[in-house]
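Report on the structure given below.
Throughout, read-outs are computed from the coordinates displayed, never taken from laboratory work. Since the structure is predicted, the reported quantities are computational estimates derived from the model, not experimental observations. Counting neighbours? That spans all protein chains shown, and the Cβs are built from the backbone with ideal geometry, glycine included.
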Amino acid sequence: MILLDPYAARSCPVKTFNAFDPTTAPALPMDESLREAFGGGSDHRDRVLDLLADVEGAVDLRRARSVEATRAAVASGATVIVGPSLPDDVPGHRRGNTDGLIRDPGAPEPRYWPVRSKPYRVVEKQMGGAELRFSSLAAPARLAVLTDRRYRLFREGSLLELAHSWRMLQAAGWAADEERAGIVGDNQDGSTPSITWVQLTTKFIRTYSKTAGYKLRSPLERYDHEHGFRVHVAEVASVRTGVDDPEPVVRPIRVKECEWCAWWSICRTRMDDDDLSLRIAKAPLDVRELQTLLSLGIMTVAQLAEADIDAILPQYLPLTGHRDRAEARLRQAARRARMLAHGVELERISVDPIGVERAEVDVDFDIETADNGSTYLWGALVSGPGRDPEYVPFVRFTHLTGADEVEVAADFCSWLLELVERHPGLRVYHYSDYEIVHLRRIADRSEDPAIAAALALVPEHFVDLYRYTRDNFVGVDGLGLKVVATRGAGFAWRDEDPGGLQSQEWFNTAVDGADEPTREAARRRVLEYNEDDVRATLAVREWLTRQDAGATAG
Ligand code: SF4
């Protein structure tokens, strides 16, 4: 019997295929609800359901879950049913539950809307928005217009889960007249959660198909389509015998979901080592683009590297209209494929001189932030013709308060202002806009004159080196500082495991390590890492300058 749970329609269809294919060894697929629970969803759900259970006339079935108990609660006309068990919808191929049911107060017979709790924000600002409704958990059936908000489409998956529950309620004869479903998101700001109500028949989800082009569809339409496809996938999979089976209707493609999927060890064996989704990690093509290439006989890096892009575009583009710049994305992927096929890691894409500006005195600059986002280290490398580069750090190894963060930023800025006064042509190099974003953030919330004055130097004195690499190179693994410095400029970090996330752990140890030697070692490690970051920036600058010198000499 094919029964799909509420997560199937929103999940990778290969999971459904594997689960119903008798020739595939069963895995223990991690229930998506468990994953949410590990991600902090349990506490939020418990809090929400406790509040719903306090509503007058509510029936709480969390400790006695059964279809019969749910049936009895419905028959009794409960205002809220917490922890219901819905009867399997065998003809509709559905099973599974929802967190709660809220009775429609306008219906003479007990009829319900499904509710789920989710550990994330589900709405965002939209001026003039009036499609959504909301209600408090204390009076869940008293709906009011939620103004200036819209549903976050990024969270479409939750709507598909609710649409699944809605269809099950319909099959049981318990659904309200109006197709609504409620989500209790977590704003993660300590505020009391409320129910956001979504009309399941309102068309607000933008979809693309070759035949219809762009079209707005409702959550129920989206769900019915995805669920129907997975039922088909399960039916085809369930008759496989291992002998002369037709080609599977879906094939594994490496996507984000694979990272936590219990089927990965099985799916991986079914993928070519040279599979595009495995090998092109930076700016990868999406599932639909990859499926389109597959339909054109291109599955591997070697095949894409050899492909005549101009020749396949007339077939490719009509199927990938869901993407802006689909042609540019394909050409970029093909370029990366050729680089991979030929073992090239960085490739020059420009012919004009790169022209990195230089001054008498230069500063390479890099910040480090703690895991709460506060900036605790401003590192600078002062260099110039005829002078040895000198590393100058401004740092606080402490639990940083807002005032501490401003203080260390002000120290750096005062030092920089003084240097600019002595060397008016000075340039400050950084890689990407991360440093400027933090400088601006701290300037915005402090009234420190040195920070404001340093920020005013940005247009004339600061140079984002990433722009030069982005405009002149393509990297198989992107163009991050680590990639460009090591593979282009030949720079090596002293630390065997350099990285921003690791440095946050070292910072924590530097502040809270068990003893002074441990803390001191961590402090040294952070400073050496930051020093190497700014030395890497210098190495990249010198490498870029050599590119121009080489071209001139050539
Ligand atoms: S490992 Fe990836 S491709 Fe395979 S079933 Fe899971 S999500 Fe789908």
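Just name one of Ser295, Ala341, Ala281: the one whose Cα is farthest towards the positive end of the charge dipole of the stretch 272-344 (beta-carbon charges, Lys/Arg +1, Asp/Glu -1).
Result: Ala281, furthest along the dipole toward the positive end.
Using a 7 Å offset from the Cα along the Cα-to-Cβ direction at both Asp477 and Glu418, what is the distance between the two label points in nm, to one decimal?
Each label point is offset 7 Å from its Cα along the Cβ direction, giving 4.0 nm.
Compute, for the stretch 416-554, the length of the dipole vector about the Cα centre, with Cβ point charges of +1 (Lys, Arg) and -1 (Asp, Glu) only. Units Debye, rounded to 20. Can you show the working numbers first?
On the way: 17 positive and 25 negative charges, 95 e Å.
In debye, rounded to 20, the stretch 416-554 gives about 460.
With r defined as the distance between the Cβ atoms of Asp324 and Thr147 and R0 fixed at 25 Å, what FRET efficiency is calculated, to the nearest 0.05?
Working: r = 31 Å, r/R0 = 1.23.
After rounding to 0.05, the efficiency reads 0.25.
Please tell me the relative contact order of the chain in percent, rounded to the nearest whole number, where contacts are Cα pairs under 8 Å and at least six residues apart. Walk me through the numbers on the way to the answer.
Working: 889 pairs, mean separation 59.6, N = 554.
The value is 11 percent.
Which of Thr269, Thr469 comes first, and how do the rest follow, when ranked by fewest Cβ neighbours within 10 Å?
On the way: Thr269 8, Thr469 26.
The fewest-first ordering by Cβ neighbours comes to Thr269, Thr469.
Applying the Karplus parametrisation 6.51 cos²θ - 1.76 cosθ + 1.60 with θ = phi - 60° to the phi angles of the stretch 84-98, what ³J(HN,Hα) value in whole Hz is obtained for each residue in order, glycine and proline being reported as x?
Going residue by residue, I get x, 10, 8, x, 4, 9, 5, x, x, 6, 10, 9, x, 10, 10 Hz, with x marking Gly and Pro.
Which of Tyr391, Tyr376 comes first, and how do the rest follow, when ranked by fewest Cβ neighbours within 10 Å? Spell out each step's value before the answer.
Values: Tyr391 17, Tyr376 25.
If I rank by nearby Cβ atoms, fewest first, I get Tyr391, Tyr376.
In whole Å, what is the distance between the alpha-carbon centres of the stretch 46-105 and the stretch 380-450?
Spelled out, the Cα-based centre of one part sits 58 Å from the other.
What is the diffusion coefficient of the chain in µm²/s, taking the Kirkwood radius over Cα pairs and the Stokes-Einstein relation at 25 °C with a viscosity of 0.890 mPa s?
Working: Rh = 27.8 Å.
Estimated via Stokes-Einstein, D reaches 88 µm²/s.
Could you work out [θ]222 nm for the chain from helices alone, using -39500 (n - 2.57) per DSSP H run of at least four and dividing by all its residues? Round to the nearest 500 deg cm²/dmol.
Working: 19 runs with 227 residues, N = 554.
Dividing the helical sum by the residues of the chain leaves -12500 deg cm²/dmol.
Roughly how many debye, to the nearest 20, is the charge dipole of the chain about its Cα centre, given +1 on each Lys and Arg Cβ, -1 on each Asp and Glu Cβ, and no other charges?
Values: 69 positive and 88 negative charges, 427 e Å.
My answer is approximately 2060 debye.
Report, in whole Å, the centroid distance computed from the Cα atoms of the stretch 503-554 and the stretch 137-161.
If you average the Cα positions of each part, the centres end up 46 Å apart.
So who's got an amide H within less than 5 Å of the one on Phe462, skipping anything under 5 residues away but keeping other chains? H placed 1.01 Å off N, in plane.
Result for Phe462 returns Val428.
Taking amide hydrogens as modeled 1.01 Å from N in the peptide plane, which residues meet the under 5 Å criterion relative to Tyr112, leaving out close sequence neighbours?
Result for Tyr112 returns Asp104, Ala175, Ala176.
Per 0.36 nm of contour for each residue apart, how much would the distance between Leu294 and Gln502 grow if the chain were fully extended, relative to their Cα-Cα spacing? Could the numbers behind the result be given before it?
Values: separation 208, 0.36 × 208 = 74.88 nm, distance 3.80 nm.
Gain in length upon complete extension: 71.1 nm.
Assigning unit charges at the beta carbon (Lys, Arg +1; Asp, Glu -1) and nothing else, what dipole magnitude in debye, to the nearest 20, does the stretch 344-415 show about its Cα centre? Can you show the working numbers first?
Numbers: 4 positive and 16 negative charges, 19 e Å.
In total the dipole reaches around 80 debye.
Can you give me the angle between helix 500-512 and the longest principal axis of the chain, using Cα atoms only, in degrees from 0 to 90, rounded to the nearest 10?
80 degrees
Under the rule of at least 5 residues apart or a separate chain, name every residue whose amide H is placed under 5 Å from the amide H of Gly384.
Result for Gly384 returns Asp362.
Classify the stretch 362-553 as rounded, prolate or oblate from the Cα gyration tensor: take a ≥ b ≥ c as the square roots of its eigenvalues, call it rounded if a/c is under 1.5, otherwise prolate when a/b beats b/c and oblate if not. Numbers along the way, then the final one.
On the way: a/c = 1.82, a/b = 1.23, b/c = 1.47.
The shape class here is oblate.
Hey, how many Å between the Cα centroid of the stretch 296-328 and the Cα centroid of the stretch 336-370?
Using only Cα atoms, the two centres lie 28 Å from each other.
Across the chain, how many lysine pairs, 8 or more apart or on two chains, come within less than 24 Å at their alpha-carbon atoms?
Value for the chain: 10.
Find which of Thr24, Phe154, Trp260 sits farthest along the positive direction of the dipole of the chain, computed with +1 on the beta-carbon of Lys and Arg, -1 on that of Asp and Glu, about the Cα centre.
So the residue we want is Thr24.
Round to the nearest 0.05 the FRET efficiency obtained for Ser76 and Thr192 when R0 = 30 Å and r is the Cβ-Cβ distance. It would help to have the intermediate numbers written out before the result.
Details: r = 28 Å, r/R0 = 0.94.
Working from the Cβ atoms, E equals 0.60.
Kindly put Thr211, Thr23, Thr300, Thr545 in sequence by how many other C-beta atoms sit within 10 Å of each C-beta, fewest to most. Present the calculation step by step, with values, prior to reporting the outcome.
Numbers: Thr211 6, Thr23 11, Thr300 19, Thr545 15.
Ranking Thr211, Thr23, Thr300, Thr545 by Cβ neighbours within 10 Å, fewest first, gives Thr211, Thr23, Thr545, Thr300.
When the Karplus curve 6.51 cos²θ - 1.76 cosθ + 1.60 is applied with θ = phi - 60°, which whole-Hz ³J(HN,Hα) does each residue of the stretch 142-155 get, with x for Gly and Pro?
Computed from phi, the couplings for the stretch 142-155 are 9, 8, 9, 5, 9, 7, 6, 9, 9, 6, 7, 5, 4, 9 Hz.
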